[in-house]
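Here's the structure we're looking at; comments come further down.
The values are calculated or read from the model by the stated rules, or taken from the named source; none is laboratory data. Since the structure is predicted, the reported quantities are computational estimates derived from the model, not experimental observations. With ideal geometry, Cβ positions are generated from the backbone for all residues, glycine too; neighbour counts draw on all protein chains shown. When the accessible area is computed, the model is the full protein with side chains, heavy atoms only, and any ligands, DNA or RNA have been set aside. Shrake-Rupley method; radii C 1.70, N 1.55, O 1.52, S 1.80 Å.
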Amino acid sequence: MLCNQSKNGCGSLLLFNISHDLCGTMMSVRTRFAPSPTGMLHIGGVRTALFSWLYARHCSGTFILRIEDTDRERSTPEAVRAILEGMQWLGLTPDEGPFYQTERYDRYHEVIERFLAQGLAYRCYCSKDELDAMRAEQQAAKQKPRYDGRCRHRQSPVAGIEPVVRFKNPAQGEVVVQDLVHGPIVFQNMELDDLIILRSDGNPTYNFCVAVDDMDMRITHVIRGDDHINNTPRQQNMLAAMGADIPIYAHLPMILGPDGAKLSKRHGAVSVLEYRDAGFLPEALLNYLGRLGWSHGDQEIFSLDEMVEFFELKDVNKSASALNPDKMAWTNQQHLMQAPQDRLAAELSIQLAGRGVDVGNCDLGLIVAAQRERAKTLAEMADNSLFFFSAPSVYEPKAAAKNLTPETADILVAARTELIALADWMPETIHRALQQLAESRGVALGKVAQPLRVAVVGSGVSPPIDQTLAILGRAEVVKRIRSAEAFIQAGMPARP
RNA sequence: GUCCCUAUCGUCUAGAGGCCUAGGACACAACCCUUUCACGGUUGCGACACGGGUUCGAAUCCCGUUAGGGACGCCA
């Protein structure tokens, strides 16, 4: 499985130079998303996954999911499940995987043995106390804390200590990371130390596993957060030690909370699934996240297909960006206005069920049509649609004070009479009748519509009154108007 | 502390030396449309962090300063 390609000094540079044409031509693009299951899948992870997925799709390449669970202390099956569920909800489904690093231990140990045999790695018997002391000393001397390689030349084991294995990093020279978003980044090998690749408990570590996996999985483009920039030279050195080609890197800027601070639990929804529950459409969330750090001219709203078509790594930004909840909601609304009606009806049904509403055989499609441009999320749509399923228990005081008065009582009666007599219950018919009623009284339509609205929905806000009444059904409307009439009679003292 | 990264309206961004009097979007304000709320439309407010170069010409290239961020773990 080991790819034993020879590599000369300028191999990575050559690879970089052809990279712009790589897409769809000579070799097929392979990207991966490699989360560690130590917590929920959050917005930042999703954005990384999205860009990897988009790039693979754009290039007709392969998108791979790899679960990096070598931290056995903190990795949990629940987190794995949450990642998988989140990815599935978003539609970012992998072409290969999920692969689990904990299932590849034989492979890692094989490479470590080879490193050891070839003198590319060595056993280190330093204790934690010793290492802590070393670090403290270095920091006191205002140096970068790093392992000084004191076990490099040790000949014999230390009794009673289970050693770790360290990779022998080159002492001199420099490593150049060819990064598609940042350009070349140069590191001096002097800055790098001999990192641990195998823990004393036998578990291999992150940087090493990444290098082995990226090689074995023939990853061509490593797309990840730029908090990994500093890991890259180490990984390149290990890749080189294995004789592997160096992939092309693209380090994405971080996503910050709305206040510009590092993203944290304080910033609301931690897991993407919370966005689902809040009534976001996956394509809307992806659209918003895509526009964070990437742009295609002035276009704001993208379908998934459009993003795939237009996505280029060269259009990715270098600087961190803050989440803007208002714009995220607006983006969702734009997609709500475009999504197929029956799909929204199904989603709305779930939201309503969560509010204890029995939808019965009501045609939610009509409600969706009436509400889709009046809500930023499906949750909001559900909240605003509750009145379709139960008559108002109270009238919003301000709206009632203005619209449910002795003066409007007789308009309600007249409207009720007209509505009962209607030949059919189509919105157009209802509209015409209310229009005529207003005209016959010499008032604007609002003078009829608004009292009716408050009577029927309990507040001054709803979709157009004709649509609202049509959806509610004649019997229900008549019943609610009568209740409002009674409310006026009971609540307003008779005049002397 | 050392190394690395970043810097255009409040926020997301366009901008590849003259097209820039810096464009678009969210938010905000006003107006229009209108049966309420929305949607939509028009207008307004609002930015090239600072200082040096290079150049006939710099938001754009170079250097420095400042300010943010990241890394420095037997975490990933």
**Message:** Under the 0.36 nm per residue contour assumption, what length would be gained going from the current alpha-carbon distance of A:Ala320 and A:Ser440 to full extension?
**Reply:** 37.0 nm
**Prompt:** Given labels modelled 7 Å from the Cα in the Cβ direction, how far is it in nm from A:Glu110 to A:Asp259?
**Reply:** 5.1
**Fill in**
Taking Lys and Arg as +1 and Asp and Glu as -1, residues besides A:Arg123 with C-beta under 13 Å from its C-beta add up to +3
**Request:** Using only the alpha carbons, work out the radius of gyration and Dmax of segment A:78-178 in angstrom.
**Result:** 19.7, 54
**Request:** Starting from the Cα-Cα distance between A:Ile350 and A:Ile229, subtract it from 0.36 nm times their residue separation and give me the gain in nm to one decimal.
**Result:** 39.3 nm
**Request:** Only bridges with both residues in chain A count here: give the DSSP antiparallel percent, nearest 5.
**Result:** 50
**Item:** Distance (nanometres) between label positions extended 7 Å along Cα→Cβ at A:Glu162 and A:Gln338
**Value:** 5.5
**Accessible surface, per residue, of segment A:282-331 when the full set of protein chains is kept, probe 1.4 Å, Å²** = 45
**Prompt:** For segment A:392-456 and segment A:164-233, what is the separation of their C-alpha centers, rounded to whole Å?
**Reply:** 71
**Fill in**
Shape descriptor, segment A:115-253: equivalent ellipsoid semi-axes (Cα gyration tensor, sqrt 5λ, whole Å, largest first) stand at 27, 19, 13
**Request:** For chain A, take the alpha-carbon Rg, divide it by the Kirkwood Rh, and send me Rg/Rh.
**Result:** 1.17
**Item:** Residue among A:Thr220, A:Ile196, A:Asn207 farthest towards the positive dipole end of segment A:181-232, charges placed on Cβ
**Value:** A:Thr220
**Ranked order, A:Asp466, A:Asp245, A:Asp342 - accessible area, probe 1.4 Å, largest first** = A:Asp342, A:Asp245, A:Asp466
**Complete:** Counting only protein heavy atoms and leaving out ligands, DNA and RNA, the solvent-accessible surface of A:Thr38 at a 1.4 Å probe, in Å² to the nearest 10, equals 60
**Prompt:** Contour minus end-to-end for A:Asp71 and A:Leu273, with contour as 0.36 nm per residue of separation and end-to-end as the Cα-Cα distance?
**Reply:** 70.3 nm
**Request:** For segment A:304-391, give the percent of accessible area contributed by carbon and sulfur heavy atoms, probe 1.4 Å, rounded to a whole number.
**Result:** 47
**Estimated distance in nm for a label pair at A:Gln88 and A:Gln138, the labels positioned 7 Å out from Cα along Cα-to-Cβ** = 4.5
**Request:** Could you pull out the pairs from A:Lys144/A:Lys168; A:Lys144/A:Lys262; A:Lys398/A:Lys447 whose alpha carbons sit more than 20 Å apart here?
**Result:** A:Lys144/A:Lys262
